[in-house]
Amino acid sequence: MSGTLGDAVDRFVRVVGQDLAALASARGMGTDRSAGDVEDEAIALVEAFVDADVHHSDEQLDGYLDLVRARRSGSLSRTDAQGLRRAGALTGRRRLLGDPTQLFEVLVAADATDEGQRSWRYLKAAIALGHAVAALDLHTSREELDAIERFRRTLLAAMTAKGVVHPSLRQPDGGFFAAGGPARRTPAPSAVEELMALQADASSGPSTPPPAPPGDANTRTGASPEPAHARPQGDRDATGRADDDPPARDLEEVLGELESLIGLDPVKLEIERVADLVRVQLLRQERGLPTMPISRHLVFTGNPGTGKTTVARLVAEIYRALGVLTRGHLVETDRSGLVAGYVGQTAERTGQVVTDALDGVLLIDEAYGLSRGGGDQDYGREAIDTLVKLMEDHRDRLVVIVTGYPDEMATFIDANPGLASRFPRTIRFPDYDGAELARIAEHLARTHHYRYDDEARRVLERHLDSLVGTPGFGNARTVRNVFEAAVSCQASRLMGASEPDDEDLVTLTAEDVTGGIERAT
C-alpha cells in the first residue's frame, strides 16, 4: 500500500512543483530550491496526516518509513515503526493542517492576481495525500476523516478570502434552489393510464371488474400524463452513460460547491466524510487490499426547504466523480410515483422508476408515506419490499436517498427488516437561522439582478427572524416565495410610475417586501 502513498507524493511534487517553478521563473527567481521545498512540504503533510488520529498505527508508520527511505538515502534506515512511536517522532505534526502553508499562500496570491488555478491543483494533490495515508489502514477513523476535511476547509477558506474561485465551479444556489439542472421528476401515471394498463392486463387474463382506484393514484396537481417508461433516456455506451449526460466534474470542485452553500455545516461535514471514506476504500480496492463494506444509501431528515434536494444532486455528482456511478443523474419521486392502485402494478411501477435511476441516485421524497397507508387496497409496503430487492439486485448501480421528518423516517426504516442495514447513515438537515435566511434572500436577489434598499432589507430580516422555529415554516422555500411575491409587487408599483430608470427596475423597496410578505403568507 506504500506504493499508493508514493504515487500521491510523486503527483504532489510534480503538479505543485511545476506551478511553483513556472511562477519562480516568471518572477526571475531560481527554481532549484523550489523543487526541494515542494518535496519537503509533501512529506510534512504526510507526517501531519499520519498524526491526525494520534494512534500512529504500524501500517501508517511503515508506509511513512518506506516513503522517506526511498526519497532520502540513509534517512531513518535503522528505525522501525516501534522506534518512531517510542520517540514520538511524528507527535504534534497534525498542527500543520490547521493553517494554510506558506507555499500554498504564495500560490493563492498568484491566483488572485491572474485568475490561475494553482491553488486548486495544490488542494487536490494535498487531499490525495490525506486519502493515501488513511488508506494505509483497513479501518479509517473518524479523526482521520475529520483531519482531511478540516484541511480542505482551511484551504478553501483561504482561497475564498482572496476571491479565488475555480472557473468551472457553478454558482451555488443558496442551500435550497437547484444546483445545476433540474432533477428529473418521476411523474405519477394518471387514472386514465391506470385504466388503460388494467385493460391491457385484462386482455390476457381474467375479466374481473377493477376495484375503484385509491385517492393517491394521481392526486398531484399538474402531474405529467407521460408515463415514466415513455421518457427518452438517450443512447448508452458500454459504461451505462447516456449520450446527453454532462461531463463528470472533478471531486474537489463538487465538494467546493457543497462547501459554498449557505449554512448546512453539519450536513456538509457528513457528506464530505462519506466522500473521503469512499475514496479511501477505493484506493485500497485498487491495490487489491481488504476493504470495509460501505453502504452508499442515505437518509436525509429535516423540515421543508432545508436543501435536501440540492445536496442530493451534489451527492450524485460526488459519486460520479469518485467513479461509483457512471451517470450521476438524480431521479426524484415520492409515493405517488411508486405506488399503483391495482394488484401487481406497484412492483412494475417501482421497477421502472429504479430502472430510470440506474447508474445514478434515486431520491424518494417523504418516503415515510410508503409505510403509512392502511387497508387492503394500499400497496405502499409492496413498493418498499420491491425497492429493497432492487437495491440488492443493483447494489453496484444504484444509490437511494430517502427524505422526510425525523420521527416519520424512523417508522419507515422499521417497515422492512432490510431497510435498516441498507440505510445505516442518517443526516439531519437543520433549520436555517435568521442570518442564513437573510443571506439566501440576498443571494436570490443578486442571482436575478435585483437588490434590496436598506429599509427593505430591514423589513425582510425582521420578518425572517420572526418566522424561525415557528410551526410549518418553510425555511429557504419561504424566502423564495417572499422574493418572488416582492418582485411581483415591484412590477405592479412601477406600472404607475412614469419612465422608471434602471435603478428603479432593479431595486426592491420596503413597500415591495411588505406586499410580498402579505402575498406569501
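Each part gets one Cα centre, and for segment 451-506 versus segment 47-95 those centres are 58 Å apart.
Accessible area per residue (1.4 Å probe, heavy atoms of protein chains only) ranks VAL361, VAL459 as VAL459, VAL361, with the largest value leading. Over segment 429-497, Cα pairs under 8 Å with separation of 6+ residues give a relative contact order of 43 percent. Please compute the per residue accessible area over segment 29-143 with all protein chains in place, 1.4 Å probe, rounded to a whole number of Å². For segment 29-143, the per-residue accessible area is 48 Å². Peptide packing: for 143-150, 313-320, the average count of neighbouring Cβ atoms within 10 Å per residue gives the ranking 313-320, 143-150, highest mean first.
For a paramagnetic label modelled at 7 Å from the Cα of GLN117 toward its Cβ, which residues of segment 5-19 fall within the zone defined by backbone nitrogen distances under 19 Å? Correct set: 11-19.
When you count the other C-beta atoms within 10 angstrom of each residue and take the mean per peptide, 122-130, 500-508 line up highest first as 122-130, 500-508.
From most to least packed by mean Cβ count within 10 Å, the peptides 13-22, 335-344, 286-295 give 335-344, 13-22, 286-295. Global size of segment 401-521: 19.3, 68 Å for Rg and Dmax (C-alpha atoms, Rg to one decimal, Dmax whole).
The SER75 and ARG425 beta-carbon pair, evaluated with R₀ = 51 Å, returns a calculated FRET efficiency of approximately 0.75. Dividing the convex hull volume of the alpha-carbon atoms in segment 375-449 by its residue count gives 176 Å³ per residue. At a probe radius of 1.4 angstrom, the accessible area of segment 307-360 per residue rounds to 21 square angstrom.
Straight Cα distances below 19 angstrom link LYS308 to the lysines LYS268, with same-chain residues fewer than 8 positions distant left out. On segment 1-143, 45 percent of the accessible area sits on carbon and sulfur atoms, based on a 1.4 Å probe. Starting from one equal scatterer on each C-alpha and no solvent at all, send me the Debye-based log10 I(q)/I(0) for segment 258-328 at q = 0.14, 0.18, 0.20 Å⁻¹, two decimals. With no solvent term, the Cα-only Debye profile gives -0.48, -0.75, -0.89. Projected label points at VAL487 and THR521, each 7 Å from Cα along the beta carbon direction, are separated by 2.3 nanometres.
For HIS131, the solvent-accessible surface with a 1.4 Å probe is about 10 Å², rounded to the nearest 10. When the solvent-accessible area of segment 262-406 is split by element, carbon and sulfur atoms take up 48 percent of it, the probe being 1.4 Å.
The values are calculated or read from the model by the stated rules, or taken from the named source; none is laboratory data. Just so it is clear, the structure is predicted and the values come from calculations on it, not from any experiment. Cβ: placed from backbone, ideal geometry, glycine included. Neighbour counts: every protein chain shown. What goes into the accessible areas is simple: the full protein's heavy atoms, side chains included, and nothing from ligands, DNA or RNA. Shrake-Rupley method; radii C 1.70, N 1.55, O 1.52, S 1.80 Å.
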